[in-house]
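Everything on this sheet refers to the single structure shown next.
The values are calculated or read from the model by the stated rules, or taken from the named source; none is laboratory data. As the structure is a computational prediction, the values presented were derived from the model and not from experiment. Here the Cβ positions follow ideal geometry from the backbone for every residue, glycine too, while neighbour counts run over all protein chains shown. Please note that ligands, DNA and RNA were not included when accessible areas were found on the heavy atoms of the full protein model with its side chains. Shrake-Rupley method; radii C 1.70, N 1.55, O 1.52, S 1.80 Å.
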Amino acid sequence: AQAFGSSVCFAYGYFIDNSYEKAVTMTFLQAALFELLAIWNCRSETHSFWRLGRRNFQNRFFTVSTVASIALTLALPYIPVLNEAFYVVPLTLSEWGIVFLMASAGLWLVLPEWFNRRERAAARAA
């Protein structure tokens, strides 16, 4: 899912916007945000973010650090020192839409439940 999202972001920036800098920026931000959202599904080996509900927010340090990391990632293209250090450029609203759409796959995929279901089926078959 992340490789597909990165490919879509790069292709959009490079071929639609005709900008290598936009393509690299979109790909970098998508990959970073994908991981910051996917980490929420890694909190449990058996349940997804959606099934855990309020239990997701019991660990305040995890919640605050993840939200702060997302905020800093979103700010990267707009802070002059950071955008030069990371070689990123500001994005338009439509470009952010593509980045968020592709990055949100990290949160919408319910991998823990899917993998757990496969393991239980394999254990029953053995």
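Structure data summary
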quantity	calculated
Phi to ³J(HN,Hα) by Karplus 6.51 cos²θ - 1.76 cosθ + 1.60 over the stretch 68-74, Hz, x for Gly, Pro	5, 5, 5, 4, 5, 5, 5
FRET efficiency for residue 55 and residue 4, using Cβ-Cβ distance with R0 set to 41 Å, rounded to 0.05	0.85
Chymotrypsin sites (Phe, Trp or Tyr not before Pro) restricted to the stretch 61-105 and DSSP loop, no more than 15 other C-beta within 10 Å	87
List 26, 102, ordered by accessible area with a 1.4 Å probe, largest first	102, 26
